[in-house]
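The values are calculated or read from the model by the stated rules, or taken from the named source; none is laboratory data. On a predicted model such as this, the values are computed, not experimentally measured, just so you know. Positions of Cβ are generated from backbone atoms using ideal geometry, with glycine treated the same way; all protein chains shown enter the neighbour counts. Side chains included, ligands, DNA and RNA excluded: accessible areas come from the protein's heavy atoms. Shrake-Rupley method; radii C 1.70, N 1.55, O 1.52, S 1.80 Å.
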Amino acid sequence: MHRSNRLFEIIQILRAAPRPVTADTLAEQLEVSVRTIYRDIAALQAMRTPIEGEAGLGYLMRRGYDLPPLNFDLEELEALRVGLSMLERTGDSALQQAAKRICQKIEDLHDPAEWLQVAPWGAPLDDAERGCVSKSGLRSAIRQEQKLRLTYRDEANKETERVVRPVALIYHLECTMLAAWCELRGGFRHFRTDRIWACDWLEQRFVGQGAALREVWHQQNRWEDRNRTFDPTPNAQGTAEVN
């Protein structure tokens, strides 16, 4: 999480807290060190954010402090709520937590809408014991153009290992797919994340190649071509292809 985002999250947590929040609690929620929280609190106080308290006792936001409201009309708010709720179906635990934080911010400013419901069933949740590696880690590798070594098990439980250059993450209704250039096959392949049983983030990178690879991948997998459908069922090599 970038520092600016973390400072914003600290403000949001303290605004919603009914009692002082300790640095340990903030550090746990934001997945950083306590020392980082102390520095962030000091920075916010230096910017005249009305945070009261001290190390060891906890911190509290002075009442009356608020952030600018979200300027969305009712249709836009309902679209946000449905879209955020549908992240429950991706199996991406990091995105789910982010969605919950956004929903809480919306609820803080607007009336709840319990009548908008989205079924939670969908792709398997990140679970290292069942394969299904961290989707957040895969997204990070795509952003940073970092090679991955995957251990993949197909439908017949046949295991293969290959080094890939990840280019995209595709969220389907019942599974999530990693699109990558496979160095073993010399072409693009699609891997179900719930069948990736091990993933090593390698030091090797493909900096500057990600955008070009993604463009070629897009040309080969155009969504607007309704005569071609994406089939998440693995082929003989244990990966999904476009029919």
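As an exercise, use a Förster radius of 41 Å and the Cβ-Cβ distance of VAL34 and THR160 to find the FRET efficiency, rounded to the nearest 0.05.
For VAL34 and THR160, the calculated efficiency is 0.45.
Distance between the C-alpha centers of region 124-202 and region 1-45? Whole Å please.
Their Cα centres are 33 Å away from one another.
Could you point to the residue in ALA179, GLN146, PRO120 farthest towards the positive end of region 44-183's charge dipole, with +1 and -1 charges on the Cβ of Lys/Arg and Asp/Glu respectively?
Result: GLN146, furthest along the dipole toward the positive end.
Computed FRET efficiency, Cβ-Cβ of GLN97 and PHE206, R0 25 Å: what is it to the nearest 0.05?
Using R0 = 25 Å, I get an efficiency of 0.30.
For labels at TRP197 and HIS110 in the simple 7 Å Cα→Cβ model, what's the distance in nm?
4.5
Write down the percent of antiparallel bridges among all DSSP beta bridges whose residues are both part of the chain, to the nearest 5.
95
Mind checking which lysines have their Cα closer than 21 Å to the Cα of LYS100? Skip sequence neighbours fewer than 8 apart in that chain.
LYS100 reaches LYS135.
Compute the accessible area per residue over the chain, keeping the other protein chains in place, probe 1.4 Å, unit Å².
59
By average Cβ neighbour count within 10 Å, what is the ranking of 120-127, 173-180, 156-163 from highest down?
Taking the mean over residues of other Cβ atoms within 10 Å, the ranking is 173-180, 120-127, 156-163.
Quickly work out the LEU57-to-HIS172 label distance, labels modelled 7 Å from Cα along the C-beta direction, and quote it in nm with one decimal.
Result: 5.7 nm between the two label points.
Rounded to a whole number, what % of the accessible area of region 89-195 do carbon and sulfur atoms account for, probe 1.4 Å?
The nonpolar share, carbon plus sulfur, comes to 46 percent.
At 222 nm, what helix-only mean residue ellipticity would the chain give, in deg cm²/dmol to the nearest 500, using -39500 (n - 2.57) for each DSSP H run of four or more?
Helix contribution divided over all residues of the chain: -11000 deg cm²/dmol.
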